[in-house]
Amino acid sequence: MAALSEPLPEQGQSVLERIIVPLDGSARAEEVLNLVVPLSELLGSELTLLHVLLPRHETPGRPGEISYPDTLHDRARALATDYLAEVAKNYVQDRVRTKTVIAAGGVPDMILAHAEHGSFSMIAVGARPRARIHRLFQERITETVWARATAPLLFWAPPADGQGIPAEYTLPGRIVIPINGTPRADMALEYVSQIAAGAGMSVTLLGVKPARSLRLTNGQNRTRYNESPNEYLEERSERLIAAGISADIMRTDHKVDNALLSVEEELPAHIIVMASGRRRTLDRVFFGYSVTRLARRVSNPIIFLPPGYEPPAEDQDSK
C-alpha cells in the first residue's frame, strides 16, 4: 500500500454485513444498540442478539456437553426468548433485519464461537473492560473475547456518571483514525473508508507519534512517515476525498492513547477506529492489554481491529 493508487471500495456493506451483540440482561449491554441500530440502518447490516445461559454444572456429563434438568432448561430458555424479544421491540423496532440466538456455555466461548462460525463482521459490546484489580478476582469476559477474536470489536458503554446513553442519541457523523506509519493503520483506513462511504460519515486522520516497534512497521512506511508525516497523511486524505469522502487531518506528537484522549475535547462526538497488535507476554501479565486500557478511558465508541483480523476476501481480490 505504499503508493495508495488503488481505488477505494465504494460500499460499506462488506465490512459490516453481520453484527453480533451479546446481551446479559443489563441496561449497559443493551444501550449499545442505540449506536449499532442506526449504523446498521445506513449500512444494511443484519443484527444478531445473543444471550448466553450459564451451564448449571461446571463439569458436563461428557466432553462438550452441557447438562440441564429439562424443567430448568426450558424455563431459562423461555425467559431468555422473551427477554430478547423485548429488547428487539424496544431498541430495534423492525428498523433492521434481526435474529435472536440463545446459547448455553461459558460466555466468552459462546460469543467467540458464534462470531467465528457465523462469519460475523463485528462483535458489539456494551461494556468497558474492567480495571486490572477487578480482573484479578472476576472472569475477564471482555478481555478474553478481545484476546481471541478475529472479528472487529466495538466497545461502548454509558458514561461513568451512570446517566446512561440518551434514547435520542444521534449517530456521530465523524470517524477518527490514528495513523502512525504502520501497515496495520493503513489497513484500518481501508476499513474506515468503507464505513464512511456507506454511512456518509467524514473522516479525521489523526497523525500520532510514529510506531517504534519493528514488529509493527515495514521499512518503507516507517521511513516515509518519520521523514514527512504531513505528506504521508495528505496522500491518504486525498485518496479519501477522491472517493467522495470528506476528510481532514490533525497532527500530534502524542502516542495513540493520549492523542485520542486529547481530540475528545477538540472534536464533536465521533467513532474511533484503530488496529492494534498484542502486547508481549510479560507486558500483558503486568499491564494488561493496551486496547482495553484505552477503551476504559475514552467516552466515544471505539472499534478495534484485532491482530487476527483480515479484510474480507472480496476486498482483497479487488486490490
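Here H270 fulfils each of the conditions (1) modelled with pLDDT under 85; (2) farther than 19 Å from V145 by Cα; (3) in the same structural domain as D186 (by TED's automatic domain parsing) apart from (1). The residues of the stretch 16-56 that are β-branched (V, I, T) and over 14 Å from I111 (Cα atoms), listed by number, are V32, V36, V37. Taking the stretch 26-70, which residues are at pLDDT below 90 and in contact with a helix residue (DSSP H, G or I) (Cβ under 7 Å, 6 or more places away or on another chain)? Selection gives L53, R56.
I need every pair where a residue in the stretch 176-200 that is outside the structural domain of M122 (by TED's automatic domain parsing) and among the charged types (D, E, K, R) has its Cβ under 6 Å from the Cβ of a residue that is assigned to a loop (DSSP other than H, G, I, E, B) and modelled with pLDDT under 90, sequence separation at least 6 or different chains. Within 6 Å, the pairs are D186/M1. Scanning the stretch 221-253 for residues that are surrounded by fewer than 19 Cβ atoms within 10 Å (Cβ to Cβ) and part of a loop (DSSP other than H, G, I, E, B) turns up S228, A243, G244, S246, T252, D253.
Of all residue pairs spaced 6 or more apart or on separate chains, those with beta-carbon atoms under 6 Å, a first member in the stretch 255-277 that is in a strand (DSSP E or B) and a second member that is of a type in the set (D, E, K, R) are A275/R184.
Scanning the stretch 89-110 for residues that are assigned to a loop (DSSP other than H, G, I, E, B) and within 16 Å of I19 (Cβ to Cβ) returns R95, V96, R97.
Only one of the numbered conditions (1) over 21 Å from L39 (Cα atoms); (2) at pLDDT 85 or above; (3) of a type in the set (A, V, I, L, M, F, W, C); (4) part of a helix (DSSP H, G or I) is not met by A147, and that is (2).
The values are calculated or read from the model by the stated rules, or taken from the named source; none is laboratory data. Quick caveat: nothing in here was measured; it's all calculated off a predicted structure. When we count neighbours, we look across all protein chains shown, and the Cβ atoms used for this are built from the backbone with ideal geometry, even at glycine.
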